[in-house]
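These notes concern the structure reproduced below.
The values are calculated or read from the model by the stated rules, or taken from the named source; none is laboratory data. Small disclaimer: the values here were computed from a predicted structure and weren't measured. Please note: Cβ atoms are built from the backbone with ideal geometry, for glycine as well, and neighbour counts cover all protein chains shown.
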């Protein structure tokens, strides 16, 4: 058994998780969405950030050292560009992110949450280390921004495990990644 | 205001592509279920006229027979040398004036077939009223984007949505004024 790796995000109908400048002012914070997150967080003990997402999360005061609500969460930040990270409780990962997460998910522990944009997600999909994909689809076209998905150029088939409408015209969907039978 | 209501009705991969880079739709087979048309015929019955761009027209024209023989189609293209086809009208320029003409002919609802450039033009002209999107449970990684950005920002209202047994999730979003 490996640990469950989930990649989830609030996303515009046209597939962006943030404006070009990282802005998420368009997000609808409903009780519904908060309840879904409150149910999810206890299943996780590790967050793997993309570097840009981490910087945005830090600015919003929700990055590093456990995301505020949960103590004891291990935080990793993947980057191929920065050489050091001076954030207490956060560890810089400079090696290949796919190999890193592949190793991480074989270690004992709870679920692993990926918080990133399409770049890191593409590497992790390519390494086949993502088990679940979740979207909270917001009723807006942003027109431009940071995409949730960025490849790779191969088919990844999914199985819908959860679907419901949330407050504010949002649609929550969760999928399990279907792998060829080993 | 007499123009028809314009609905984009289309299937997309979860990562927002409507076709592979070479235009292939083979990945749609993933949600093929006997007897399930995902509401297509019910939708088609409400459509008075089809509106499409050249790319979509070329795809439709490549089929053994024209797929929409019982509805008039309007194709936006700058080409003037396309061979005529029964029920198909070639037009160019802005979409809004063409829609006004279609409204004057009594058409109430237009299906914007295909996404991409024409959908973007409609959105920019403020004449794209409704997005009916069927999201397939598959990532294909690359291809023709449903929303080739950058677009204008637009707030939408979720009108309805439902999930099918195959994992396809269909939503109807209306443009907010």
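Select from segment B:1-31 the residues that are within 14 Å of chain A (Cβ to nearest Cβ), touching a residue at least 40 places away in the same chain (Cβ under 8 Å) and outside any strand (DSSP E or B) and list them in ascending order.
Within segment B:1-31, B:14, B:15, B:16, B:20, B:21, B:27, B:28, B:30, B:31 qualify.
When you go through (1) within 13 Å of the chain's Cα centre (by Cα); (2) modelled with pLDDT of 95 or more one by one for residue A:117, which number turns out not to apply?
Among (1) within 13 Å of the chain's Cα centre (by Cα); (2) modelled with pLDDT of 95 or more, residue A:117 violates only (2).
I'd like to know if segment B:10-30 contains one or more residues that are on the phi > 0 side of the Ramachandran plot and surrounded by fewer than 11 Cβ atoms within 10 Å (Cβ to Cβ). Walk me through it before giving the result.
Residues of segment B:10-30 on the phi > 0 side of the Ramachandran plot: B:16, B:23.
Narrowing further to those that are surrounded by fewer than 11 Cβ atoms within 10 Å (Cβ to Cβ): none.
No: zero hits.
Can you go through B:166, B:134 and tell me which one is within 30 Å of residue A:158 (Cα to Cα), at pLDDT 95 or above and within 17 Å of the chain's Cα centre (by Cα)?
Going through B:166, B:134 in turn, the sole match is B:134.
Within segment A:143-166, can you find the residues that are touching a helix residue (DSSP H, G or I) at 6+ places or on another chain (Cβ under 8 Å), over 22 Å from residue A:78 (Cα atoms) and not in a loop (DSSP other than H, G, I, E, B)?
A:156, A:157, A:166, listed by residue number.
To keep it simple, each residue is scored yes or no on (1) assigned to a strand (DSSP E or B); (2) at pLDDT 95 or above; (3) at positive phi; (4) surrounded by 13 or more Cβ atoms within 10 Å (Cβ to Cβ).
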{"site": "A:14", "(1), (2), (3), (4)": "no, yes, no, yes"}
{"site": "A:28", "(1), (2), (3), (4)": "no, no, no, yes"}
{"site": "A:46", "(1), (2), (3), (4)": "yes, yes, no, yes"}
{"site": "A:55", "(1), (2), (3), (4)": "no, no, no, yes"}
{"site": "A:64", "(1), (2), (3), (4)": "no, no, yes, yes"}
{"site": "A:72", "(1), (2), (3), (4)": "no, no, yes, no"}
{"site": "A:87", "(1), (2), (3), (4)": "no, no, no, yes"}
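Does residue A:140 satisfy the criteria of being under 28 Å from residue B:161 (Cβ atoms), crowded, with 19+ Cβ neighbours inside 10 Å, within 13 Å of chain B (Cβ to nearest Cβ) and in contact with a helix residue (DSSP H, G or I) (Cβ under 8 Å, 6 or more places away or on another chain)?
No.
Run residue B:85 past the list (1) surrounded by 14 or more Cβ atoms within 10 Å (Cβ to Cβ); (2) modelled with pLDDT under 95; (3) within 12 Å of chain A (Cβ to nearest Cβ); (4) more than 26 Å from residue B:20 (Cα to Cα) and report the number of the one that doesn't hold.
The single condition residue B:85 does not satisfy is (3).
Within the bounds of segment A:112-124, is there any residue that is away from chain B (no Cβ under 14 Å), in a loop (DSSP other than H, G, I, E, B), touching a residue at least 40 places away in the same chain (Cβ under 8 Å) and surrounded by 18 or more Cβ atoms within 10 Å (Cβ to Cβ)?
For segment A:112-124, residues away from chain B (no Cβ under 14 Å), in a loop (DSSP other than H, G, I, E, B), touching a residue at least 40 places away in the same chain (Cβ under 8 Å) and surrounded by 18 or more Cβ atoms within 10 Å (Cβ to Cβ): present.
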